[in-house]
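Participant: Provided herewith is a single structure, encoded as structure tokens, for subsequent inquiry.
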Amino acid sequence: MNRTRQSIDTTNSRLERLIGWIDRVLPFSARRPLDRIPSVKLKLSIVIGAAIGVTIVTLSIGYSLELPAVWGVAAAVIVATVLVQILARGLTAPLTEMMQAADNMADGNYDQRVTATAADEVGELARSFNAMAAHIADLERQRRDLIANVSHELRTPIAALHGNVENLLDDVVDDRAQTLATMLRQTGRLGRLVDQLMDLSRLEAGASPIRATRLDLIEVMEEVLAEARLQDPEAKIEVSAPQQLVMDGDPERLHQVMANLLDNAMRHSPEGEPIHLAIEAAGHQAVVIVEDGGPGIPAGELDRVFERFYRASPDRAAATGGSGLGLAISRWIVDLHGGSISAANADPSGCRITVHAPSADSTSALSLATTSRP
């Protein structure tokens with residue numbers, strides 16, 4: 001029994017070396033001759049038929065040459081095995097590659113891809129595997145970016161607080177009230193960052209459902225404008241809106257969207273440059289447009305402005321502040337309302353954010369009025 005097992009292992013080893021040599025000699029298309037066959041079942045039928053055919057041919061040749069029957073059978077087995085190995089490589093190679101790639105991904109290497117040239121179900125599986133691997137690699141990149149950006153955003157106010165506390169303890173500050181006010185702003189910035197991170201986490205996990213009710217979007221806008229004036233009394237905000245626009249939505253979440261958009265515009269607009277806020281009804285949709293007078297977004301990065309911690313210009317982001325989470329949260333909220341949000345560059349400069357929210361009552365636009373608020 002042991003001797004038979006050793007003979008089988010030796011034969012398999014020699015066949016593997018032979019197949020490896022054939023793989024090195026043949027071009028890729030010849031190594032996978034059945035790649036264009038669109039069905040695994042059809043490929044298996046071809047492999048089995050080819051094995052039977054070559055066995056019959058080999059036995060016939062051995063019989064015509066008057067070789068001993070054992071030799072003929074052995075030759076037929078070897079030739080049929082080699083042929084099956086060559087034909088079946090296209091069936092098993094992607095599965096072997098996926099197994100090895102999965103092992104590497106388990107070790108943290110997410111840049112794994114497999115050859116996906118087959119037109120059958122195994123090829124579809126390989127393409128799906130590559131798409132999954134690319135998605136996992138992108139999620140890992142986002143995770144690393146998230147950790148790095150959160151660390152950066154936390155470090156700045158913490159460092160400022162640490163320095164101010166040291167100055168207070170050493171009694172080297174000239175204006176304690178101003179120092180305490182600065183510390184209060186820094187703690188507020190930390191609090192907002194933590195709140196935004198928690199909001200984003202709940203929204204992504206689906207743990208923050210929309211509590212829709214009948215509301216007047218113009219009332220929500222007035223509340224947001226009042227808060228903006230308290231934040232920056234010198235800001236110039238030009239508003240174009242109807243007197244009433246009734247729709248279904250979550251007032252708290254829609255308030256958050258408009259506040260994020262307005263805050264983003266105020267931070268990026270140069271001093272004295274007006275910010276344009278427009279609300280209108282278009283059919284059965286409410287359309288909110290916020291346009292600033294800043295430098296705008298590079299054309300190739302417009303789709304990225306709603307990513308977490310996106311920075312079009314790190315230097316400018318450091319000067320204007322902000323966590324880089326407001327637009328990402330806004331996108332999630334708008335999506336949960338079944339709407340859409342997009343970014344575009346304004347003419348001649350600036351960025352325009354447009355929100356389309358469904359279920360607006362277009363009849364409320366009959367009393368359309370345009371106002372301008374300095």
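The values are calculated or read from the model by the stated rules, or taken from the named source; none is laboratory data. Computed from a prediction, not measured in an experiment: that's the story for all the values here. Neighbour counts run over all protein chains shown; Cβ positions are idealised from the backbone, glycine included.
Participant: Scanning for something at pLDDT below 65, assigned by TED's automatic domain parsing to the domain that holds Thr92 and not in a helix (DSSP H, G or I), does the stretch 24-35 turn up at least one residue?
Facilitator: Looking for residues that are at pLDDT below 65, assigned by TED's automatic domain parsing to the domain that holds Thr92 and not in a helix (DSSP H, G or I), one finds at least one in the stretch 24-35, hence yes.
Participant: Further question on the same structure: Which condition from (1) more than 17 Å from Gly191 (Cα to Cα); (2) surrounded by 12 or more Cβ atoms within 10 Å (Cβ to Cβ); (3) more than 17 Å from the chain's Cα centre (by Cα) is the one that Thr156 breaks?
Facilitator: Among (1) more than 17 Å from Gly191 (Cα to Cα); (2) surrounded by 12 or more Cβ atoms within 10 Å (Cβ to Cβ); (3) more than 17 Å from the chain's Cα centre (by Cα), the lone unmet condition for Thr156 is (1).
Participant: Further question: Restricting attention to the stretch 357-366, does a residue exist that is surrounded by fewer than 18 Cβ atoms within 10 Å (Cβ to Cβ) and modelled with pLDDT of 80 or more?
Facilitator: Checked the stretch 357-366: at least one residue is surrounded by fewer than 18 Cβ atoms within 10 Å (Cβ to Cβ) and modelled with pLDDT of 80 or more.
Participant: With the requirement that a residue be touching a residue at least 60 places away in the same chain (Cβ under 8 Å), in a helix (DSSP H, G or I) and under 16 Å from Thr213 (Cα atoms), what does the stretch 243-287 give you?
Facilitator: Result: Arg253, Leu254, Gln256.
Participant: What are the pairs, 6+ residues apart or on separate chains, where a residue within the stretch 51-69 that is free of Cβ contacts under 8 Å to residues at least 40 places away in the same chain has its Cβ under 9 Å from a residue that is not aliphatic (A, V, I, L, M) and not in a helix (DSSP H, G or I)?
Facilitator: Note: pairs meeting the criteria are Gly62/Pro68.
Participant: Here is a further query. Just one of Leu193, Leu197, Leu203 is closer than 30 Å to Gln244 by Cβ, in a helix (DSSP H, G or I) and modelled with pLDDT under 80; which is it?
Facilitator: Leu203
Participant: Within the stretch 92-116, track down each residue that is over 23 Å from the mean Cα position of the chain (by Cα) and exposed (fewer than 15 other Cβ atoms within 10 Å of the Cβ).
Facilitator: Scanning the stretch 92-116 gives Thr92, Leu95, Thr96, Met99, Gln100, Asp103.
Participant: Follow-up. Hey, can you tell me all the residues within the stretch 75-129 that are charged (D, E, K, R) and in a helix (DSSP H, G or I)?
Facilitator: Result: Arg89, Glu97, Asp103, Glu121, Glu124, Arg127.
Participant: Does Met132 fit the bill of being assigned to a helix (DSSP H, G or I), at pLDDT 85 or above and not aromatic (Phe, Trp, Tyr)?
Facilitator: So Met132 fits the description; yes.
Participant: Related question: With the requirement that a residue be assigned to a helix (DSSP H, G or I), modelled with pLDDT under 90 and not aliphatic (A, V, I, L, M), what does the stretch 206-237 give you?
Facilitator: Glu227, Arg229, Gln231
Participant: Here is a follow-up. Yes or no: the stretch 247-263 includes at least one residue that is buried (at least 20 other Cβ atoms within 10 Å of the Cβ) and more than 28 Å from the chain's Cα centre (by Cα).
Facilitator: Yes: one or more hits.
Participant: Here is a further query. Name the pairs: first residue in the stretch 166-177 and surrounded by 10 or more Cβ atoms within 10 Å (Cβ to Cβ), second residue of a type in the set (S, T, N, Q) and part of a helix (DSSP H, G or I), Cβ to Cβ under 9 Å, at least 6 apart or on different chains?
Facilitator: Qualifying pairs under 9 Å: Asn167/Thr179; Leu168/Thr179; Val173/Asn164; Val173/Asn167; Val173/Thr179.
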